[in-house]
Every structure is written in structure tokens, then in C-alpha cells.
1. Under 10 Å, Cα contacts only: if you run a Gaussian network model on the chain, which one of Arg118, Arg92, Arg25 comes out with the highest mean-square fluctuation?
2. Under 22 Å from the Cα of Lys7, which lysines turn up, not counting those fewer than eight places away in the same chain?
3. Put +1 on the Cβ of each Lys and Arg and -1 on the Cβ of each Asp and Glu in segment 3-124; which of Ala39, His106, Ser76 then has its Cα farthest toward the positive end of the dipole?
4. Where nothing but the Cβ of Lys and Arg (+1) and of Asp and Glu (-1) is charged, how large is the charge dipole of segment 33-111 around its Cα centre, in debye to the nearest 20?
5. Non-local amide H neighbours of Thr93 (under 5 Å, H modeled in plane, Pro and chain starts lacking H): which ones?
6. What's the local net charge at Thr60, with K and R +1, D and E -1, over the other residues with C-beta under 12 Å away?
7. Taking the alpha-carbon centroid of each part, what is the distance from segment 67-92 to segment 19-38 in angstrom?
8. With a 10 Å cut-off between alpha carbons and a GNM built on the chain, which of Thr115, Thr93, Thr60 moves the most?
Amino acid sequence: MARKIQKTEDEWKKELSPAEYQVCRQKGTEPPFTGKYYASKEPGVYKCVACGNPLFDSKTKFESGTGWPSFYQPVSPENVEIDEDHSYGMRRTEVMCNACGAHLGHVFPDGPKPTGLRYCINSVALKLEDK
Ligand SMILES: [Zn+2]
């Protein structure tokens with residue numbers, strides 16, 4: 001499936017900060033309780049830091065206690081891409097930005113109602129904007 005936004009790794013490297021590049025392009029994970037959004041209660045829409053695609057609404061954010069921003073659903077299912085991730089011998093489900101392919105985090109089946117899902121997302125992959 002072709003992405004709306006396609007850039008070379010060199011272009012991404014120039015546009016993103018080293019921390020953003022490490023998470024978004026190299027599927028890194030920020031240390032828990034260090035990101036700027038894990039405890040944030042500011043209203044707004046969390047967008048992809050790499051391309052501005054709206055990803056999560058602050059209304060669907062909940063306190064998971066994990067140290068990462070957690071949401072129970074994306075703004076729209078089409079805005080994210082879900083992929084099975086078998087790296088490090090673990091079976092996890094990866095969440096990516098559907099527009100640019102940035103790695104965002106993982107989704108787990110232990111979230112609250114109404115979806116029962118927990119989208120565990122790196123702060124550094126997000127940019128909060130007021131509506
Ligand atoms: Zn994106």
C-alpha cells in the first residue's frame with residue numbers, strides 16, 4: 001500500500017530531532033515517565049510529529065500508569081496502521097501513522113471500555129494541538 005507521504009531516510013533525519021527519528025523511523029521506545037505527554041490532561045488532538053496527521057483525541061486518553069500516553073481509540077481507524085510485530089521475541093501489535101509510516105507505539109488488549117484496547121504511544125511521536 002502506497003503511503004501519502006514518502007521521504008528518504010536522509011530527509012527524515014534532517015526534519016526530525018534525533019529522539020523523534022529514533023522512535024518514528026527506527027521503532028525506538030522512549031523511557032517511561034520521561035515523555036512530555038504521559039500525564040498530560042490538556043484538551044486537543046494529538047498529531048503525528050512527523051507529518052501532522054491527526055491520530056488521537058485527548059478525550060480518549062486515559063491514565064494507564066505505564067508512563068506512556070495511552071488512548072483507547074484513534075481519531076479514525078484509517079489514520080493509523082496496525083501491524084504484528086515479532087521483534088525481540090515478543091508478540092506485540094505495532095501502531096504506525098498511516099500517512100507517513102512513523103512508528104508510534106503498540107496496542108494491547110487490556111484497555112478500558114468501550115474498546116478494551118490500550119494504544120501505548122511514545123510522547124515524542126506526538127504533537128498536541130488545540131482544536
Ligand atoms: Zn505521520
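Read-outs: derived from the displayed coordinates by stated rules, not from any lab. Note that the structure is predicted; figures quoted are calculated from it, not measured. Ideal geometry is used to build each Cβ from the backbone, glycine not excepted, and the neighbour counts take in all protein chains shown.
1. Residue with maximal mean-square fluctuation among Arg118, Arg92, Arg25: Arg92.
2. Lys27, Lys47, Lys127
3. Going by the charge dipole, the pick is Ala39.
4. It works out to roughly 320 debye.
5. Placed amide hydrogens put Asp85, Val107 under 5 Å from Thr93.
6. Within the 12 Å Cβ shell, the charges total +3.
7. 14
8. With Cα springs under 10 Å in the chain, the top fluctuation among Thr115, Thr93, Thr60 is at Thr115.
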